[in-house]
Every structure is written in C-alpha cells, then in structure tokens.
1. Hey, can you tell me all the residues within region 24-41 that are assigned to a loop (DSSP other than H, G, I, E, B) and either without any contact (Cβ under 8 Å) to a residue 60 or more places away in the chain or open to solvent by 10 Å² or more (accessible area, probe 1.4 Å) (or both)?
2. What number of residues within region 148-165 are over 15 Å from SER93 (Cβ atoms) and open to solvent by less than 20 Å² (accessible area, probe 1.4 Å)?
3. Working only within region 197-223, note down all residues that are open to solvent by 60 Å² or more (accessible area, probe 1.4 Å) and of a type outside the set (A, V, I, L, M).
4. Show me the helices (runs of 4 or more DSSP H) found entirely inside region 47-138 where at least 2 residues are aliphatic (A, V, I, L, M), surrounded by fewer than 16 Cβ atoms within 10 Å (Cβ to Cβ) and free of Cβ contacts under 8 Å to residues at least 40 places away in the same chain.
5. Examine region 126-133 for a residue that is within 26 Å of ARG190 (Cα to Cα) and touching a Leu at 6+ places or on another chain (Cβ under 7 Å), and state whether such a residue exists.
6. Does region 154-164 include one or more residues that are farther than 20 Å from VAL205 by Cβ, in a loop (DSSP other than H, G, I, E, B) and among the aromatic types (Phe, Trp, Tyr)?
7. Would you mind telling me which numbered condition in (1) closer than 23 Å to GLY232 by Cα; (2) at pLDDT below 90 CYS30 fails?
Amino acid sequence: GTSSTFFLGGGSETSARDKYNDNRLFSCCCAYVDFSWSTVCNCHVSGNKCDTTCLQEAMADETADNYFYAAAQIFMDVVQRYPDANVVLAGHSLGGALATLLGLTFGLPAVGFEAPGDRLASERLHLPQPPGSVQRRLPLFHVGNTADPVFMGMCAGRTSSCYYAGYAMESRCHNGRQLVFDTVERRDWRLDIRHHRINEVIYLVIEPWGIGDPEERFPELRFENAKCKDCGLWNFINETSPQGQQQRPLMSLI
C-alpha cells in the first residue's frame with residue numbers, strides 16, 4: 001500500500017519510494033503544486049501547462065524506480081515458475097492501483113481496495129485500451145468509500161492534509177467496475193485520510209455495512225461515470241521533452 005510514513009504514522013525503508021511512485025503515477029504533472037515542492041519529473045512548463053511528451057517518457061523510464069515495471073517483472077517470473085496457476089491480483093492503495101494496472105496489461109482479474117484512480121496512469125503508460133464494449137467485461141474491480149480522499153482523487157491541495165505530507169494524488173477516474181460505500185451520506189463521515197486505512201475499511205465499513213440498518217443496502221457494482229475526467233484544470237501541451245532520453249516501450253517487458 002501507500003507509504004506508511006504518512007498513512008500509518010510511522011516510517012519504513014520503502015516510504016520514500018512509495019511516495020515517489022504515488023506522486024509519479026497519480027498526480028497531474030509530476031506532483032507540481034507550487035514553487036515550494038520538489039517534483040518527481042521535469043515536465044511542468046509554466047502556470048497550469050504541462051508537457052505531455054515529457055510525462056509519457058518519464059512514466060516509461062524503467063530505470064527510475066518505477067513500481068509498475070518491477071511488479072510486471074515479478075508477475076512474469078511467477079508465471080514462468082507456475083505456468084498452470086490461476087493468478088488473481090489484489091492490493092490496497094498504491095498496491096491496489098498496481099494490481100489493476102497489471103490486470104489491464106495482462107488480462108487478469110484484479111481487485112484494488114481504496115486505490116487512487118488508475119485510468120490516468122494506464123493512459124500515460126500506454127497500456128492496452130480495448131473498445132468500450134470489451135473494457136466493460138474486463139475483470140477489474142475497485143472497492144472504496146466516499147470519505148477516503150485517496151480513492152476520491154482529493155489527496156492534494158493546500159486544504160488537504162496530503163499537501164503537508166508531500167502527496168499530490170489527484171487522479172480519480174478508475175478502470176473497470178467499482179463497489180463504492182457512501183460513508184459520507186450513510187455514516188456522516190467527513191473526508192479524512194484516516195478513512196483510507198485498510199483496517200478501517202474492513203472492520204468499520206465492509207463487514208458491518210447494513211447490520212442494524214435495513215436501509216443501508218450493500219452497494220452495487222457500477223462502472224465509472226462516463227463524464228469522469230482527470231486534471232481538468234491543466235493544459236497539456238507537446239513540447240521538446242526535457243528528459244532527453246530514449247525510452248524503451250512497454251512491450252519490451254513481454
């Protein structure tokens with residue numbers, strides 16, 4: 001899952017890399033928020049302008065501690081070792097998004113719990129984007145609650161506690177189908193990063209949902225709203241990439 005330094009209140013040896021991948025995959029433009037931030041790539045042009053070519057090259061850099069490529073290599077190693085195994089991917093937060101991104105890449109069933117929107121990352125990584133009729137049949141599932149700013153794409157900006165921890169997780173559109181628990185409406189919860197923790201999701205949301213309240217029905221699986229759009233305030237343009245490096249395509253993994 002996402003860095004324990006922030007969400008669980010402690011540190012770990014992977015915390016810095018977790019944050020780097022969160023900001024790289026799920027921010028609109030290299031985690032650029034204001035002049036005081038250190039970005040994860042050099043694609044911000046000026047104001048609300050961002051270089052699309054630069055973003056795609058940065059995302060395709062397999063040498064930049066990119067978790068997606070590491071996870072893909074692990075998956076292929078597992079398949080080689082256990083060729084007859086039925087593989088199902090699952091994860092929480094960053095791990096959940098990586099699970100569904102791999103599911104989209106290799107056509108595998110995947111479940112993400114409280115994962116940030118993965119559609120933006122899948123487009124920038126140039127992952128397979130099948131036609132709508134096929135996409136609706138993909139076994140990709142997201143489970144989340146409406147009081148979680150990470151799942152809702154609101155873990156960014158100066159009004160969010162995420163800002164002070166150095167996170168800019170802005171993507172909110174998900175691939176596949178969603179099981180969304182409306183804790184804001186049914187439980188009167190407020191948007192709070194504490195509602196992102198997996199233990200709270202299991203024991204305070206999923207397991208007790210509907211117990212003692214017949215009107216609190218289990219949500220139905222639904223597809224992402226067709227009008228969902230990421231990074232609507234940004235202007236993405238094509239300029240000469242400041243990365244200046246030849247990147248290997250995703251298919252080099254396969």
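1. Within region 24-41, CYS30, TYR32, VAL33, ASP34, PHE35, SER36, TRP37, SER38, THR39, VAL40, CYS41 qualify.
2. 1
3. Of everything in region 197-223, those that are open to solvent by 60 Å² or more (accessible area, probe 1.4 Å) and of a type outside the set (A, V, I, L, M) turn out to be ARG197, ASN199, TYR203, GLU207, GLY212, PRO214, GLU215, ARG217, PHE218, GLU220, ARG222, PHE223.
4. Details: elements: 52-59, 67-81, 94-106, 119-124, 132-135.
So the answer is 67-81.
5. Going residue by residue through region 126-133, those that are within 26 Å of ARG190 (Cα to Cα) are none.
No - not one qualifying residue is present in region 126-133.
6. Among the residues of region 154-164, not one is farther than 20 Å from VAL205 by Cβ, in a loop (DSSP other than H, G, I, E, B) and among the aromatic types (Phe, Trp, Tyr), which makes the answer no.
7. Going through (1) closer than 23 Å to GLY232 by Cα; (2) at pLDDT below 90 one by one, CYS30 breaks only (2).
The values are calculated or read from the model by the stated rules, or taken from the named source; none is laboratory data. The structure presented is a predicted model; accordingly, all values stated were derived computationally and were not measured. Reconstructed Cβ throughout: ideal geometry from the backbone, glycine too, with neighbour counts over all protein chains shown. Ligands, DNA and RNA are excluded from the accessible area calculation, which covers all protein heavy atoms including side chains. Shrake-Rupley method; radii C 1.70, N 1.55, O 1.52, S 1.80 Å.
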